[in-house]
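**Q** I have a structure here, written as C-alpha cells, and I will follow up with some questions on it.
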Amino acid sequence: MTDKTQFMVVDEPFYQQQGNEVALYEAAYAARLPVMVKGPTGCGKSRFIEYMAWKLGRPLITVACNEDMTASDLVGRYLLEADGTRWLDGPLTTAARIGAICYLDEVVEARQDTTVVIHPLTDHRRTLPLDKKGELIRAHADFQLVISYNPGYQSLMKDLKQSTKQRFTAFDFDYPEAALETAIVVSESGIDQATAAQLISIGAAARRLKGHGLDEGISTRLLVYAATLIKGGVDARDACRMALVRPITDDRDIRDTLDHAIEATFAQAS
C-alpha cells in the first residue's frame, strides 16, 4: 500500500487570495467535484492547488503533462523483471487509490487519446478501469481530479474537447492587480516594496503588448525571478533584461521596447 504521507504538502505555501477562490474550491472539494483551473503562464495556478492541498490536509500528486505522455504513463504498466512481471501504478491510479488530489498540469499538452482515460473519474462513476490489468478501481472517497491549462495557447490541435471540459467546474485566473502582485513579489523574494512596484510597472507594460508582438506577457513568476536576482546583488537593469525580457521574446523590436521601459523605470529611481 502506498504511503500517502510522502505526497503531503507539509509547509504552508505562500498564496495571496485574489477573490473568493479559496472558499469556492473548498465547496468543490466538499462535493468532490472535478476542478479546471485556467489562466496565463506563471499566474499562480499551481501554487493555488498546492495551497489548497495544504489547507485541506490532502496528499497532492502532480503530473506535468506533455505531448509524449501515454495513457500508461497516467494509469500504470507492467514492468519486466528478472523473476517475471510486476504492475506499477501510474500517478492517476495512485491518487485514486489513496484519496489524493491529482493535479494534471497543462493538460492540453497531453494527447487527446490519453486524456480520455480521466472521463470515468469525473462523473458519477468515479472509477478508473485498468484494462491491461483487468481491474476496475473505485476512487477513494477523498479523491479529487484537478486540471489546468493556458487558454492563451489554445489551437484546434491543442484544446480540450467539449466532452472533457463539461466534466469540470472551472476557475479563471489572471495576473493579480498591481498592489497584490507587489505584495507577492515582496513576500517571495524579500525585495523592498519600492523596487517590487517598479518591477510590476515593467510587467504591466509588457502585458499591454500581448497580441501586439508578444504571445504572452511577463508572468508573476518571472517578476519574482527578477526580484530575487536584484535582492542577490545583481544590477536591476541586468536582472530585468535577464529575467523579464530575454525569456519571453527574440524579436529585436520588442526587446528594444522593453529594454527602454526598464531603463526609464530605473532611471527615475536613481
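Laboratory data are not the source of any read-out in this text; all were calculated from the coordinates shown. Please read all numbers here as calculations on a predicted model, not as lab measurements. Positions of Cβ are generated from backbone atoms using ideal geometry, with glycine treated the same way; all protein chains shown enter the neighbour counts.
**Q** For helix 21-30, what angle does its Cα long axis make with the longest principal axis of the chain, in degrees from 0 to 90 and rounded to 10?
**A** With rounding to tens, the tilt is 0 degrees.
**Q** Taking Lys4 as the anchor, which lysines have their alpha carbon closer than 30 Å to its alpha carbon, excluding any fewer than eight residues away along the same chain?
**A** Counting by Cα, and skipping residues close in sequence, Lys4 has these lysines nearby: Lys38, Lys45, Lys55, Lys132, Lys133, Lys165.
**Q** Continuing with the same structure: Please work out the Cα convex hull volume for the chain and give it in Å³ per residue. Present the calculation step by step, with values, prior to reporting the outcome.
**A** On the way: hull volume 42.4 nm³, N = 270.
It is 157 Å³ per residue.
**Q** Another one. Evaluate E = 1/(1 + (r/R0)^6) for Leu136 and Gln166, where r is the Cβ-Cβ distance and R0 equals 22 Å; express this FRET efficiency to the nearest 0.05. Spell out each step's value before the answer.
**A** On the way: r = 24 Å, r/R0 = 1.08.
That gives a FRET efficiency of 0.40.
**Q** Continuing with the same structure: Order these peptides, 228-237, 14-23, 99-108, by their mean beta-carbon neighbour count within 10 angstrom, highest first. Let's see the in-between values first.
**A** Values: 228-237: 15.5, 14-23: 13.7, 99-108: 22.1.
Ranked from most to least packed, the peptides come out as 99-108, 228-237, 14-23.
**Q** So, by mean Cβ neighbours within 10 angstrom, what's the order for 212-224, 44-56, 115-127 with the highest one leading?
**A** Values: 212-224: 19.2, 44-56: 20.8, 115-127: 16.1.
My ranking of the peptides, most packed first, is 44-56, 212-224, 115-127.
**Q** Given points 7 Å out from each Cα along the Cα-Cβ axis, report the Leu180 to Gln112 separation in nanometres with one decimal.
**A** Placing both labels 7 Å beyond Cα along the Cβ direction yields 3.4 nm.
**Q** For the residue pair Ala23 and Arg246, what label-to-label distance in nm results when each label sits 7 Å from Cα along the Cα-to-beta-carbon direction?
**A** Those two pseudo-labels are separated by 4.6 nm.
**Q** Starting from the Kirkwood radius over alpha-carbon pairs of the stretch 178-269, derive D by Stokes-Einstein at 4 °C in a medium of 1.567 mPa s and give it in µm² s⁻¹.
**A** In µm²/s, the coefficient is 101.
**Q** With each label point set 7 Å from Cα along the Cα-Cβ vector, what nm distance links Asp253 and Ala64?
**A** Result: 3.4 nm between the two label points.
**Q** So if R0 is 35 Å, what FRET efficiency would Glu81 and His124 give, r being the distance between their Cβ atoms, rounded to the nearest 0.05?
**A** On the way: r = 38 Å, r/R0 = 1.08.
The computed FRET efficiency comes out at 0.40.
**Q** At a 10 Å Cβ-Cβ cut-off, how would you order Cys240, Cys43, fewest neighbours first? Please report the intermediate quantities before stating the final value.
**A** Working: Cys240 31, Cys43 22.
Ordered from fewest to most neighbouring Cβ atoms within 10 Å, Cys240, Cys43 come out as Cys43, Cys240.
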